[in-house]
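The values are calculated or read from the model by the stated rules, or taken from the named source; none is laboratory data. Because the structure is predicted, anything quoted here is derived from the model rather than measured. We place every Cβ from the backbone using ideal geometry, glycine too, and count neighbours over all the protein chains shown. When the accessible area is computed, the model is the full protein with side chains, heavy atoms only, and any ligands, DNA or RNA have been set aside. Shrake-Rupley method; radii C 1.70, N 1.55, O 1.52, S 1.80 Å.
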Amino acid sequence: MRDLIKVFENALGKNHSTMACRWLTSFDYCRTEPIALEAIRSLPNSSVRIFDAEFCLSRECTPRVPFHPKAFFVRNSDYEYLLAGSGNISRSGLARGYEAGLSVGIDLKATPKKSSAFRSMQQSRKWFDAAWGGALPLSDKILSRYTSIFESVDRQKSPAITEDDIASDHPTNGALRNADLQKLRICRNFWIEAGNITKNRGPNLPGNQLMMKRLTRVYFGFPPTVAPENSAIGTVELSFGGGDFDDYSVTYSDNKMDKLVLPIPGADGPASYDQKNLIFRNVAPGRFELSIGSDADKKGWLRNSKKIDANFAMKGGRKWGVF
(Lines give C-alpha, C1' and ligand atoms only; values in the text may rest on other atoms or scores of the structure.)
Protein backbone atom coordinates (compact mmCIF):
# COMPACT_ATOMS: atom_id res chain seq x y z
CA MET A 1 0.00 0.00 0.00
CA ARG A 2 2.84 2.37 0.82
CA ASP A 3 4.33 1.93 -2.66
CA LEU A 4 0.98 2.28 -4.42
CA ILE A 5 0.11 5.47 -2.54
CA LYS A 6 3.47 6.95 -3.60
CA VAL A 7 2.59 6.18 -7.23
CA PHE A 8 -0.67 8.09 -6.86
CA GLU A 9 1.09 11.01 -5.19
CA ASN A 10 3.80 11.19 -7.86
CA ALA A 11 1.33 10.91 -10.75
CA LEU A 12 -1.31 13.33 -9.48
CA GLY A 13 0.66 15.74 -7.31
CA LYS A 14 -1.62 18.14 -5.43
CA ASN A 15 -4.68 16.55 -7.06
CA HIS A 16 -4.01 13.32 -5.13
CA SER A 17 -5.84 14.57 -2.03
CA THR A 18 -8.96 15.43 -4.06
CA MET A 19 -9.20 12.09 -5.89
CA ALA A 20 -12.20 10.05 -4.75
CA CYS A 21 -11.32 6.35 -4.27
CA ARG A 22 -13.41 3.29 -3.57
CA TRP A 23 -11.46 0.26 -2.34
CA LEU A 24 -13.12 -3.14 -2.46
CA THR A 25 -11.22 -5.98 -0.80
CA SER A 26 -11.71 -9.00 1.48
CA PHE A 27 -10.73 -10.69 4.74
CA ASP A 28 -10.08 -13.98 2.94
CA TYR A 29 -7.61 -16.24 4.77
CA CYS A 30 -6.31 -13.31 6.89
CA ARG A 31 -3.92 -12.29 4.13
CA THR A 32 -4.80 -8.59 4.27
CA GLU A 33 -2.95 -6.87 7.11
CA PRO A 34 -5.14 -4.66 9.31
CA ILE A 35 -2.55 -1.89 9.15
CA ALA A 36 -3.01 -1.72 5.36
CA LEU A 37 -6.77 -1.38 5.79
CA GLU A 38 -6.22 1.38 8.34
CA ALA A 39 -3.93 3.16 5.90
CA ILE A 40 -6.32 3.21 2.94
CA ARG A 41 -9.29 4.11 5.13
CA SER A 42 -7.39 7.17 6.38
CA LEU A 43 -6.64 8.48 2.87
CA PRO A 44 -8.52 11.64 1.86
CA ASN A 45 -11.80 10.92 0.04
CA SER A 46 -11.36 7.14 0.37
CA SER A 47 -14.05 4.59 1.16
CA VAL A 48 -13.36 0.94 1.97
CA ARG A 49 -15.76 -1.99 1.79
CA ILE A 50 -15.25 -5.69 2.47
CA PHE A 51 -16.73 -8.41 0.28
CA ASP A 52 -18.92 -10.92 2.21
CA ALA A 53 -17.42 -9.65 5.45
CA GLU A 54 -19.93 -11.05 7.95
CA PHE A 55 -19.74 -14.58 6.61
CA CYS A 56 -15.96 -14.48 6.46
CA LEU A 57 -15.62 -13.20 10.02
CA SER A 58 -18.02 -15.87 11.28
CA ARG A 59 -15.80 -18.57 9.76
CA GLU A 60 -12.41 -17.35 11.07
CA CYS A 61 -11.77 -15.63 7.73
CA THR A 62 -12.34 -18.65 5.50
CA PRO A 63 -14.55 -17.44 2.61
CA ARG A 64 -17.44 -19.31 1.02
CA VAL A 65 -16.36 -17.89 -2.35
CA PRO A 66 -12.83 -16.44 -2.67
CA PHE A 67 -12.76 -12.79 -3.67
CA HIS A 68 -9.86 -12.60 -6.11
CA PRO A 69 -10.30 -9.89 -8.79
CA LYS A 70 -7.36 -7.56 -9.38
CA ALA A 71 -8.65 -4.49 -11.17
CA PHE A 72 -8.22 -0.71 -11.15
CA PHE A 73 -10.92 1.55 -12.55
CA VAL A 74 -9.81 5.14 -13.27
CA ARG A 75 -12.01 7.83 -14.76
CA ASN A 76 -12.68 11.53 -15.06
CA SER A 77 -15.18 13.50 -17.14
CA ASP A 78 -13.35 12.75 -20.41
CA TYR A 79 -11.71 9.32 -20.13
CA GLU A 80 -12.17 5.96 -18.49
CA TYR A 81 -9.59 3.22 -18.02
CA LEU A 82 -9.58 -0.31 -16.69
CA LEU A 83 -6.43 -2.18 -15.72
CA ALA A 84 -7.02 -5.85 -14.89
CA GLY A 85 -4.48 -8.59 -14.38
CA SER A 86 -2.88 -11.13 -12.10
CA GLY A 87 -1.06 -8.72 -9.77
CA ASN A 88 -2.24 -8.23 -6.20
CA ILE A 89 -1.53 -5.09 -4.19
CA SER A 90 1.64 -6.60 -2.80
CA ARG A 91 5.37 -6.12 -3.32
CA SER A 92 5.35 -9.09 -5.66
CA GLY A 93 2.22 -8.00 -7.51
CA LEU A 94 3.36 -4.43 -8.01
CA ALA A 95 7.09 -4.73 -8.55
CA ARG A 96 8.94 -8.01 -8.08
CA GLY A 97 6.85 -10.89 -9.38
CA TYR A 98 6.01 -12.06 -12.88
CA GLU A 99 2.52 -10.77 -13.64
CA ALA A 100 0.27 -10.16 -16.65
CA GLY A 101 -2.12 -7.27 -17.10
CA LEU A 102 -4.38 -5.72 -19.72
CA SER A 103 -5.50 -2.10 -19.87
CA VAL A 104 -8.45 -0.70 -21.79
CA GLY A 105 -9.09 3.00 -22.22
CA ILE A 106 -11.85 4.95 -23.90
CA ASP A 107 -12.56 8.56 -24.77
CA LEU A 108 -16.06 8.99 -23.33
CA LYS A 109 -16.96 11.70 -25.85
CA ALA A 110 -15.54 10.06 -28.97
CA THR A 111 -15.97 6.30 -28.45
CA PRO A 112 -19.16 4.90 -30.04
CA LYS A 113 -21.45 3.45 -27.39
CA LYS A 114 -21.98 0.34 -29.51
CA SER A 115 -18.25 -0.42 -29.72
CA SER A 116 -16.88 -3.47 -27.93
CA ALA A 117 -14.52 -1.32 -25.83
CA PHE A 118 -17.35 0.88 -24.58
CA ARG A 119 -19.61 -2.09 -23.81
CA SER A 120 -16.81 -3.98 -22.06
CA MET A 121 -16.07 -0.97 -19.88
CA GLN A 122 -19.75 -0.53 -19.11
CA GLN A 123 -20.14 -4.20 -18.13
CA SER A 124 -17.05 -4.10 -15.92
CA ARG A 125 -18.26 -0.96 -14.20
CA LYS A 126 -21.68 -2.56 -13.67
CA TRP A 127 -20.02 -5.57 -12.02
CA PHE A 128 -17.98 -3.35 -9.70
CA ASP A 129 -20.96 -1.24 -8.70
CA ALA A 130 -22.97 -4.36 -7.88
CA ALA A 131 -20.16 -5.89 -5.83
CA TRP A 132 -19.61 -2.57 -4.06
CA GLY A 133 -23.30 -2.23 -3.26
CA GLY A 134 -23.41 -5.65 -1.63
CA ALA A 135 -20.20 -5.22 0.39
CA LEU A 136 -19.95 -4.09 4.02
CA PRO A 137 -18.38 -0.69 4.85
CA LEU A 138 -15.21 -1.01 6.92
CA SER A 139 -16.32 0.42 10.27
CA ASP A 140 -14.25 0.55 13.46
CA LYS A 141 -16.24 -2.40 14.80
CA ILE A 142 -15.70 -4.56 11.71
CA LEU A 143 -11.99 -3.72 11.59
CA SER A 144 -11.64 -4.54 15.30
CA ARG A 145 -13.26 -7.95 14.82
CA TYR A 146 -10.94 -8.72 11.92
CA THR A 147 -7.87 -7.50 13.81
CA SER A 148 -8.74 -9.78 16.74
CA ILE A 149 -8.72 -12.80 14.43
CA PHE A 150 -5.62 -11.65 12.54
CA GLU A 151 -3.65 -11.06 15.76
CA SER A 152 -4.87 -14.17 17.59
CA VAL A 153 -2.21 -16.53 18.94
CA ASP A 154 -3.10 -19.31 16.48
CA ARG A 155 -2.88 -16.98 13.47
CA GLN A 156 0.40 -15.41 14.57
CA LYS A 157 1.87 -18.82 15.33
CA SER A 158 1.05 -20.03 11.81
CA PRO A 159 0.55 -16.98 9.56
CA ALA A 160 -1.23 -17.26 6.24
CA ILE A 161 1.43 -17.43 3.55
CA THR A 162 1.37 -14.68 0.93
CA GLU A 163 3.25 -14.15 -2.30
CA ASP A 164 5.53 -11.68 -0.50
CA ASP A 165 6.85 -14.51 1.70
CA ILE A 166 9.73 -15.31 -0.61
CA ALA A 167 12.50 -17.67 0.48
CA SER A 168 15.62 -15.85 1.58
CA ASP A 169 18.72 -16.34 -0.55
CA HIS A 170 20.98 -15.39 2.35
CA PRO A 171 23.40 -18.10 3.54
CA THR A 172 21.46 -20.44 5.83
CA ASN A 173 24.10 -20.56 8.55
CA GLY A 174 22.66 -18.60 11.47
CA ALA A 175 19.81 -17.21 9.40
CA LEU A 176 16.18 -16.90 10.42
CA ARG A 177 13.87 -19.57 9.04
CA ASN A 178 11.17 -18.71 6.52
CA ALA A 179 8.54 -19.43 9.20
CA ASP A 180 10.26 -16.89 11.47
CA LEU A 181 10.31 -14.28 8.71
CA GLN A 182 6.56 -14.70 8.19
CA LYS A 183 6.01 -13.83 11.86
CA LEU A 184 8.24 -10.77 11.54
CA ARG A 185 6.12 -9.69 8.57
CA ILE A 186 2.74 -9.83 10.31
CA CYS A 187 3.56 -8.80 13.90
CA ARG A 188 3.05 -5.20 15.01
CA ASN A 189 5.54 -5.27 17.89
CA PHE A 190 9.31 -5.86 17.84
CA TRP A 191 11.36 -5.73 21.06
CA ILE A 192 15.08 -6.09 21.63
CA GLU A 193 17.70 -5.79 24.33
CA ALA A 194 19.90 -2.96 23.08
CA GLY A 195 23.06 -4.06 24.92
CA ASN A 196 26.08 -1.80 24.53
CA ILE A 197 25.51 0.54 21.61
CA THR A 198 28.58 1.28 19.44
CA LYS A 199 30.08 4.74 20.11
CA ASN A 200 29.47 5.82 16.53
CA ARG A 201 29.06 9.50 17.49
CA GLY A 202 32.40 9.74 19.32
CA PRO A 203 34.02 8.22 22.43
CA ASN A 204 32.22 10.54 24.85
CA LEU A 205 28.78 10.49 23.26
CA PRO A 206 26.07 7.79 23.46
CA GLY A 207 25.64 5.89 20.20
CA ASN A 208 22.50 5.53 18.09
CA GLN A 209 23.14 2.57 15.79
CA LEU A 210 21.20 -0.53 16.82
CA MET A 211 22.66 -3.83 15.62
CA MET A 212 20.00 -6.46 14.96
CA LYS A 213 19.83 -10.04 13.75
CA ARG A 214 20.32 -10.40 10.01
CA LEU A 215 16.96 -10.11 8.17
CA THR A 216 15.23 -8.36 11.06
CA ARG A 217 14.62 -5.87 8.25
CA VAL A 218 11.54 -7.95 7.31
CA TYR A 219 9.73 -6.57 10.38
CA PHE A 220 10.38 -3.06 9.05
CA GLY A 221 8.84 -3.92 5.66
CA PHE A 222 11.83 -4.93 3.54
CA PRO A 223 12.28 -8.22 1.62
CA PRO A 224 14.77 -10.87 2.84
CA THR A 225 16.93 -10.60 -0.27
CA VAL A 226 20.73 -10.54 -0.29
CA ALA A 227 22.31 -7.12 0.21
CA PRO A 228 26.04 -6.33 -0.13
CA GLU A 229 27.84 -5.57 3.11
CA ASN A 230 27.69 -1.90 4.14
CA SER A 231 24.83 -1.21 1.74
CA ALA A 232 21.59 0.71 2.25
CA ILE A 233 18.38 -1.30 2.62
CA GLY A 234 15.97 1.61 2.95
CA THR A 235 14.46 4.10 5.39
CA VAL A 236 11.68 3.97 7.96
CA GLU A 237 9.89 6.66 9.91
CA LEU A 238 10.53 6.59 13.66
CA SER A 239 9.10 8.55 16.57
CA PHE A 240 10.37 8.36 20.14
CA GLY A 241 8.19 9.23 23.13
CA GLY A 242 5.40 10.74 21.07
CA GLY A 243 7.71 13.08 19.17
CA ASP A 244 7.67 13.87 15.48
CA PHE A 245 8.28 11.14 12.93
CA ASP A 246 11.46 11.37 10.89
CA ASP A 247 13.34 9.18 8.41
CA TYR A 248 16.02 6.79 9.70
CA SER A 249 18.14 4.40 7.68
CA VAL A 250 18.35 0.61 7.71
CA THR A 251 21.59 -0.88 6.35
CA TYR A 252 23.31 -4.24 6.13
CA SER A 253 26.59 -3.99 8.00
CA ASP A 254 29.94 -5.68 7.38
CA ASN A 255 29.43 -7.62 10.63
CA LYS A 256 26.55 -9.40 8.85
CA MET A 257 23.90 -7.72 10.97
CA ASP A 258 21.06 -5.38 10.07
CA LYS A 259 21.72 -1.90 11.45
CA LEU A 260 19.02 0.65 12.31
CA VAL A 261 19.87 4.28 13.03
CA LEU A 262 17.87 5.55 16.01
CA PRO A 263 16.80 9.09 17.03
CA ILE A 264 19.80 11.00 18.40
CA PRO A 265 20.19 10.53 22.18
CA GLY A 266 19.41 13.63 24.18
CA ALA A 267 17.81 15.37 21.20
CA ASP A 268 15.06 13.30 19.56
CA GLY A 269 15.70 10.20 21.68
CA PRO A 270 16.42 9.22 25.29
CA ALA A 271 19.64 10.16 27.08
CA SER A 272 21.11 6.79 26.08
CA TYR A 273 20.08 3.47 24.54
CA ASP A 274 22.74 1.40 26.29
CA GLN A 275 21.40 -1.60 28.21
CA LYS A 276 17.82 -0.49 27.55
CA ASN A 277 14.83 -2.62 26.54
CA LEU A 278 13.54 -1.18 23.26
CA ILE A 279 10.17 -1.85 21.68
CA PHE A 280 8.91 -0.74 18.26
CA ARG A 281 5.24 -0.66 17.28
CA ASN A 282 4.13 -0.48 13.65
CA VAL A 283 1.43 2.21 13.49
CA ALA A 284 1.24 2.81 9.71
CA PRO A 285 2.98 1.52 6.58
CA GLY A 286 6.68 2.28 7.10
CA ARG A 287 6.02 4.16 10.36
CA PHE A 288 7.04 2.96 13.86
CA GLU A 289 6.77 4.26 17.41
CA LEU A 290 9.81 3.57 19.60
CA SER A 291 9.73 3.42 23.39
CA ILE A 292 11.76 2.04 26.30
CA GLY A 293 10.40 -0.56 28.70
CA SER A 294 11.32 -1.82 32.14
CA ASP A 295 12.56 -5.32 32.92
CA ALA A 296 9.00 -6.15 33.99
CA ASP A 297 7.75 -4.93 30.60
CA LYS A 298 10.33 -7.11 28.87
CA LYS A 299 9.08 -10.17 30.74
CA GLY A 300 5.61 -9.47 29.35
CA TRP A 301 6.97 -9.03 25.83
CA LEU A 302 8.88 -12.29 26.16
CA ARG A 303 5.72 -14.12 27.27
CA ASN A 304 3.81 -12.78 24.29
CA SER A 305 6.59 -13.82 21.90
CA LYS A 306 6.85 -17.30 23.42
CA LYS A 307 3.14 -17.87 22.82
CA ILE A 308 3.74 -17.70 19.07
CA ASP A 309 7.26 -19.21 19.05
CA ALA A 310 8.77 -15.86 18.06
CA ASN A 311 11.35 -15.30 20.82
CA PHE A 312 15.00 -15.30 19.76
CA ALA A 313 18.52 -14.60 21.00
CA MET A 314 21.64 -13.43 19.18
CA LYS A 315 25.04 -15.04 19.46
CA GLY A 316 26.09 -12.46 22.02
CA GLY A 317 23.09 -13.34 24.20
CA ARG A 318 20.85 -10.34 23.53
CA LYS A 319 17.21 -11.40 23.52
CA TRP A 320 14.59 -10.14 21.09
CA GLY A 321 11.26 -11.13 19.61
CA VAL A 322 8.01 -10.11 17.95
CA PHE A 323 4.34 -10.38 18.84
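Would you mind checking K70/K306; K70/K256; K6/K70; K6/K298; K6/K113 for any pair whose Cα atoms are more than 29 angstrom apart?
Numbers: K70/K306 37 Å; K70/K256 39 Å; K6/K70 19 Å; K6/K298 36 Å; K6/K113 35 Å.
As for pairs spanning more than 29 Å Cα to Cα, those are K70/K306; K70/K256; K6/K298; K6/K113.
Which of Q123, I197, T235 sits farthest toward the positive end of the charge dipole of the chain, with +1 on the Cβ of Lys and Arg and -1 on the Cβ of Asp and Glu?
The one lying farthest along the dipole's positive direction is Q123.
For the stretch 124-200, what % of the accessible area comes from carbon and sulfur atoms, probe 1.4 Å? Walk me through the numbers on the way to the answer.
On the way: 1960 of 3850 Å².
C and S fraction of accessible area: 51 percent.
Could you state the number of Å between the C-alpha centres of the stretch 265-323 and the stretch 158-234?
When both Cα centres are located, 13 Å separates them.
How large is Rg over Rh for the stretch 1-79, taking Rg from the Cα atoms and Rh as the Kirkwood inverse mean of 1/r across Cα pairs? Don't skip to the answer; put the middle values down first.
Values: Rg = 14.4 Å, Rh = 14.1 Å.
Rg divided by Rh gives 1.02.
Could you report the accessible area of H68 in Å², rounded to 10, computed with a 1.4 Å probe on the protein chains as they sit in the structure?
Surface open to solvent at H68 totals about 120 Å².
If ligands, DNA and RNA are left out, what is the accessible area of R214 with a 1.4 Å probe, given in Å² to the nearest 10?
30 Å²
Along the positive direction of the dipole of the chain (beta-carbon charges: Lys, Arg +1; Asp, Glu -1; about the Cα centre), which of N173, S152, V250 reaches farthest?
It is S152.
Under 25 °C and 0.890 mPa s, how fast does the stretch 174-239 diffuse according to Stokes-Einstein, given a Kirkwood radius computed over C-alpha pairs? Answer in µm²/s, whole number.
Calculated translational D: 178 µm²/s.
Return the tail of the calculated pair distribution for the stretch 248-292, meaning the percent of Cα-Cα pairs more than 18 Å apart.
38 percent
Please compute one quarter of the surface area of the Cα convex hull for the chain and express it in square nanometres.
18.9 nm²
Name the shape class, rounded, prolate or oblate, that the alpha-carbon gyration tensor gives for the stretch 57-169, where a ≥ b ≥ c are the square roots of its eigenvalues, rounded holds for a/c under 1.5, and otherwise prolate holds if a/b is larger than b/c and oblate otherwise.
oblate
Please work out the Kirkwood hydrodynamic radius for the stretch 195-320, using every pair of different C-alpha atoms, and report it in angstroms with one decimal place.
One decimal place: 15.3 Å for the Kirkwood radius.
More than 18 angstrom separation, counting every C-alpha pair in the stretch 47-89; what % is that?
The answer is 50 percent, as a whole percent.
Treating the beta-carbon of each Lys and Arg as +1 and of each Asp and Glu as -1, no other charges, what is the dipole magnitude of the stretch 112-221 about its Cα centre, to the nearest 20 debye?
420 debye
For the stretch 203-269, restrict the atom set to alpha-carbon positions and state the Rg and Dmax in Å.
Both quantities, over Cα of the stretch 203-269: 12.5, 36 Å.
Taking the Cα centre as origin and putting +1 on Lys and Arg beta-carbons and -1 on Asp and Glu beta-carbons, what dipole magnitude results for the chain, to the nearest 20 debye?
Here the chain has a charge dipole of around 500 debye.
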